[in-house]
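> The following block contains the structure, expressed as structure tokens.
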2 protein chains.
Amino acid sequence: MNVRDFKNKVYGELAVITKALANPHRLEIIELLAQGPSSVEYIADETALSIANASQHLQTLKSARLVATEKRGKYRYYSLANRHVFEVWNSMRELGLSRNAEVERLIRDFRTSRKAMESVTSGELLNRLEKGSAFVIDVRPRKEYEAGHIASAVSVPQDELIRKLKSLPKDKQIVAYCRGPLCAMADEAVEILQEKGYRAARLEIGYPEWELKGLAVNVT
Amino acid sequence: MNVRDFKNKVYGELAVITKALANPHRLEIIELLAQGPSSVEYIADETALSIANASQHLQTLKSARLVATEKRGKYRYYSLANRHVFEVWNSMRELGLSRNAEVERLIRDFRTSRKAMESVTSGELLNRLEKGSAFVIDVRPRKEYEAGHIASAVSVPQDELIRKLKSLPKDKQIVAYCRGPLCAMADEAVEILQEKGYRAARLEIGYPEWELKGLAVNVT
DNA sequence: TATATATTCAATAATTATATTGATTATTGA
DNA sequence: TCAATAATCAATATAATTATTGAATATATA
């Protein structure tokens, strides 16, 4: 084999991966799967895709070996093939934020319209947890919390927040986190909490980024 | 704006980037540009594309803001927009090697057919340079060496290797490097050197990875 | 100013990707 | 066994991507 054929084959194989990533729905699916294994139905619901279309996208990801599947009963659970997949998504998102003012603007507008300004870094959160001055809540859907969450975090899904307000301490800062830097669930929770007189802030990152840093988690 | 519209816009913007990456030629161009700024003609030559086609791919990359251009005289020089672009390529390549046995096999076959087995890590090279037991050669085309190279490396482009043999020490290990882990130029140089009785090995990584690690370089 | 060179542009045909629809398969539980 | 559910498959129309060709636009140099 000559050098050109070799290069064509190598870059061709790598492009199989980038082609699998080259779709907004599939990016959203990857971020969702970073929260933990999910059924097709759950993925379709969360991403607002039809079942058939979600299935088709999942198979595109599968044939590029970016996701793995496991069948349990009637359900087929999809998950990220390995840590590298999330790392690519992570650096991709960083690149997007660095090069695309539009994305930054979208996020800023969406967030500031919700008044939730303060965001806490993972280092700051660890300090405050040590001092006992912070209380961490996970505002993702319960299924995602159950698949894995920050150690010491309590599950308070968005739609249960109002009902669970009384269980939250007023003498500590409530730190809410969700799926990642692009996810708005934590911002929405912080907005509600602040309105109700709680001290609240969002965690800058989400569960998968926390886990990637090797920080303390509970998984099932 | 509701949450779904927000998500559609954010993932849509990020997919602009992944779509720009979703082509084997554009991946090859990115790896080439990681060596330093290049003219369209140089890129077309190195990637075996027609000028018009290379130009078209470069504009795809440009409209996704992955590359920047600068015009000097008759030539337009393209370069990577920032460090994040190379980082994405880097983690993409890692993912490819982890998930795609085909890529690994291709590289292994291509290399072992050239008998060049030993590869040296950057840490090992630094040690040997300190002890004075290694001599580093950069086997990329001279233009790429001139744009930036490992500190203390000497330029010995592939096609000049035979002619320059006499200038290489026999009492040190010759460590050859090129564009990166996928690049075969260093393997070919090592093969020739070993045949001629030199102790030689390739550096595991290439110039851009060395530079990303923050190790010593000379740039113009 | 004329000419050669570097690059881009515009048009096109061939290929590939996507969402939708309805049918099919596999599994559970009544 | 039969109905309900979860997921995939197959077919299709629409849209997007790609390589090629030849023309057009700059820029440098004679």
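Read the figures in this text as sums done on the coordinates, not as results from a lab. Quick caveat, the model's predicted, so the values are computed rather than measured. Cβ: placed from backbone, ideal geometry, glycine included. Neighbour counts: every protein chain shown.
> Note down, for region B:1-80, the three equivalent ellipsoid semi-axes (square root of 5 times each alpha carbon gyration tensor eigenvalue), biggest first, whole angstrom.
Semi-axis lengths for region B:1-80 are 29, 13, 10 Å.
> Could you work out which residue, out of B:Leu125, B:Leu80, B:Leu106, moves most in a Gaussian network model of chain B, that is, has the largest mean-square fluctuation with Cα springs under 10 Å?
Highest fluctuation among the options: B:Leu106.
> Over region A:122-220, what number does the Rg to Rh ratio reach, with both radii from the alpha-carbon atoms and Rh per Kirkwood?
On the way: Rg = 12.2 Å, Rh = 13.2 Å.
Ratio of gyration radius to Kirkwood radius for region A:122-220: 0.92.
> Note down the magnitude of the dipole of the protein assembly as shown about its Cα centre, charges +1 on Lys and Arg C-beta and -1 on Asp and Glu C-beta and zero elsewhere, to the nearest 20 debye.
Numbers: 68 positive and 58 negative charges, 24 e Å.
It comes to approximately 120 debye.
> Which residue is it, in chain B, that holds its beta carbon closest to the axis of the B-onto-A rotation, and how many whole angstrom away?
B:Ala22, 2
> Determine the distance separating the Cα centre of region A:58-79 from the Cα centre of region B:17-67; give it in Å without decimals.
33
> Also, quick follow-up: Just name one of A:Ala134, B:Gly12, B:Cys178: the one whose Cα is farthest towards the positive end of the charge dipole of the protein assembly as shown (beta-carbon charges, Lys/Arg +1, Asp/Glu -1).
Of the options given, the answer is B:Gly12.
> Taking the Cβ-Cβ separation of A:Glu160 and B:Asp171 as r and a Förster radius of 60 Å, what is the calculated FRET efficiency to the nearest 0.05?
Values: r = 73 Å, r/R0 = 1.22.
After rounding, the FRET efficiency stands at 0.25.
> Return the Cα extents of the protein assembly as shown along principal axes one, two and three, sorted largest first, each rounded to a whole Å.
81, 52, 47
> Also, quick follow-up: Per the Cauchy relation, a quarter of the hull surface: what is the mean projected area of the convex hull of the alpha carbons in chain A, in nm²?
Projected area, direction-averaged: 14.8 nm².
> List the DSSP H helices in chain B whose Cα atoms stretch 15 Å or more along the helix axis and whose mean Kyte-Doolittle hydropathy is at least -1.0. Write out the running numbers ahead of the final one.
Values: long enough: B:3-21 (27 Å, 0.11); B:51-63 (18 Å, -0.32); B:83-99 (24 Å, -0.55); B:101-112 (16 Å, -0.63); B:185-195 (16 Å, 0.05).
Helices meeting the criterion: B:3-21, B:51-63, B:83-99, B:101-112, B:185-195.
> By how many nm would the segment from A:Ala48 to A:Glu94 grow when fully extended, if each residue of separation counts as 0.36 nm and the alpha-carbon distance is taken off?
14.1 nm
> A further question on this structure: Search the structure for amide H atoms under 5 Å from the amide H of B:Ala200, placed 1.01 Å from N in the peptide plane, and list their residues when 5 or more places away or on another chain.
B:Ile174
> Taking the beta-carbon count within 10 Å as an exposure proxy, list A:Ser133, A:Ser50 from fewest neighbours to most. Intermediate results must be reported in sequence, preceding the final value.
On the way: A:Ser133 12, A:Ser50 9.
Lowest count first: A:Ser50, A:Ser133.
> Taking the Cα centre of chain B as origin, sum charge times position over the Cβ atoms of Lys and Arg (+1) and Asp and Glu (-1), and report the length of that vector in debye to the nearest 20. Don't skip to the answer; put the middle values down first.
Working: 34 positive and 29 negative charges, 60 e Å.
Result for chain B is approximately 280 debye, rounded to the nearest 20.
> Might you report the magnitude of the Cβ-based charge dipole of region A:110-219 about its Cα centre, with Lys and Arg at +1 and Asp and Glu at -1, to the nearest 20 debye? Intermediate values should be presented prior to the final figure.
Numbers: 18 positive and 16 negative charges, 66 e Å.
My answer is approximately 320 debye.
> Could I ask something else about it? How many nm is it between the label spots at A:Ala68 and A:Ser133, if each spot is 7 Å from the Cα in line with the beta carbon?
Output for this residue pair reads 4.3 nm.
> Would you mind listing the distances between the B:Arg72 label point and the same position in each other copy? Use 7 Å along Cα-to-C-beta, nm, one decimal, shortest first.
So the distances to the same position in the other copies read 5.9 nm.
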